[in-house]
Amino acid sequence: MVEAQTSPSKLDLPGADVELADIVRRFGSQYAAKYGDLMMPSQKRALADIAACCTQELGGRLYHCEDCQDTFWRYHCCRNRACPKCHGTQTRQWLETRGAELLPCDYFHAVVTIPSELHAVFRRDQKSMYGLLMQVAAEAVKELCAKKRHLGALPGILSVLHTWTGQLHYHPHVHMLITGGGITPDGQHWESARGEFLVPVAVLSRKVAAKFRGTLKAKNPEVFADIPAEVWRREWVSFCKPYGRGNEAVLQYRSRYVFRTAISNARIVRMDQTHVTFRWKDRDAQTWRTERLPGVEFLRRFLQHVLPQGFHRVRYYGLWHPSKRSLASRAWVLLILDTPTDAAESVKLPDILDALAQETGDSVIAAHPGDEQPNCPRCPHCGSIRTRLLGEYSRGGGP
């Protein structure tokens, strides 16, 4: 159970001062009292981790400023994948370690959704249903790309599962970053996509629905039997559009989707004694709107997007599957020989991270055991860079 630990100064303040952790500390115990028997272990862990994130409970590093002679803490972050405050650190590490996988080609962004009538089934068996959706979506893309009239080659696919809307409603869907081309079946050539077309989205939607239905019926007939027949006559919605070119397209995609949480701290507008107000983007009207919810209801909406323990929501298919690494390396060589890279294709990681921080309001300010930190941080009191590490303390520790 999470205790309400929010200080009075954190109440009724604008979003620049209120974070998800403050909401968890304020309303977590009320939520646990109402829904504790229904919570998954991963949801309980998320509440506990987010409440403790960047606090003395997790320990941290103590620094001394040589100019103002003051001391300050940099507390450890929780690194729970549902925590928006840890998003920046995870993204930086991801981007810095995945550079070898980038291919200098065009990319497409595809999204596959499911009918709302399947939401209840997905809630009941999340690991199985989420995994099946990701699997059949990637298989459908690969099968269509294999057809000569579309591409005639095997592309690389990076899939990411999201389960939310801007208002934090339940909406499972899969984002896919797809290379705008692939290796031909003989493994000797790179075949590029034809302009802004990769696969027909109407056909993609029908293929995903058919493959999902067939696989579910074969592997889990009991679940399949509980689904009304009219669900399979519903139209599944997908889209596929050009996303960009080269390294920066991949990095932007990973920044936007791979480690995105259901809500960022920047979208929290206000919290008072009973309610939380947050912003959400109305895509139809292309404008920002606000919504005010009771604190417990806000946490209910947020926690339904905490995934089961052990579920991998980021997966690789096609050229990017671990079993295809040699083929992916060959694709890279073929692309380099065909279109030499230049300065325009260079990775601009700092620019991407700055844009990400500005968009989400997240900043990489939390330390963690094992993080490399060759330079000490600026003093938060005077801004001096002349600071030195006094010591590092573990959970609940102190000088």
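The values are calculated or read from the model by the stated rules, or taken from the named source; none is laboratory data. Here the structure is a predicted model, which means the values were calculated and not measured. Note that we place each Cβ from the backbone using ideal geometry, even for glycine, and neighbour counts take in every protein chain shown. Protein only, heavy atoms only, side chains kept; ligands, DNA and RNA dropped before computing areas. Shrake-Rupley method; radii C 1.70, N 1.55, O 1.52, S 1.80 Å.
Scanning the range 189-198 for residues that are assigned to a loop (DSSP other than H, G, I, E, B), free of Cβ contacts under 8 Å to residues at least 60 places away in the same chain and either in contact with a helix residue (DSSP H, G or I) (Cβ under 9 Å, 6 or more places away or on another chain) or acidic (Asp, Glu) (or both) turns up just one, GLU196. Against the test of being crowded, with 16+ Cβ neighbours inside 10 Å and basic (Lys, Arg), the options ARG283, ARG267, ARG292 yield a single qualifying residue, ARG267. Among the residues of the range 265-279, those that are part of a helix (DSSP H, G or I) and either of a type outside the set (Gly, Ala, Ser) or in contact with a Leu (Cβ under 8 Å, 6 or more places away or on another chain) (or both) comprise ASN265, ARG267. Exactly one residue among ALA209, ALA262, ALA249 is assigned to a helix (DSSP H, G or I), surrounded by 17 or more Cβ atoms within 10 Å (Cβ to Cβ) and touching a residue at least 40 places away in the same chain (Cβ under 8 Å), and that residue is ALA249. Kindly establish whether VAL237 is open to solvent by 30 Å² or more (accessible area, probe 1.4 Å) and either in contact (Cβ under 8 Å) with a residue 40 or more places away in the chain or farther than 21 Å from GLN135 by Cβ (or both). When the stated conditions are applied, VAL237 passes them. In this structure, LEU133 does not qualify as among the hydrophobic types (A, V, I, L, M, F, W, C), open to solvent by less than 10 Å² (accessible area, probe 1.4 Å) and either farther than 29 Å from ARG279 by Cβ or out of contact with any Pro (no Cβ under 9 Å at 6 or more places or on another chain) (or both).
When restricted to residues that are surrounded by fewer than 16 Cβ atoms within 10 Å (Cβ to Cβ) and touching a helix residue (DSSP H, G or I) at 6+ places or on another chain (Cβ under 7 Å), the range 171-188 contains 1.
Of all the numbered requirements in (1) closer than 25 Å to LYS34 by Cα; (2) open to solvent by 10 Å² or more (accessible area, probe 1.4 Å); (3) not in a helix (DSSP H, G or I), ARG300 misses one, and that requirement is (3).
Considering only residues that are closer than 22 Å to ASP106 by Cβ and in contact with a Phe, Trp or Tyr (Cβ under 6 Å, 6 or more places away or on another chain), look in the range 189-206 and name the one that is least open to solvent (accessible area, probe 1.4 Å). The residue in question is LEU198. In the range 63-78 there is at least one residue matching the filter, namely being surrounded by 14 or more Cβ atoms within 10 Å (Cβ to Cβ), in contact with an Asp or Glu (Cβ under 7 Å, 6 or more places away or on another chain), at pLDDT 85 or above and hydrophobic (A, V, I, L, M, F, W, C).
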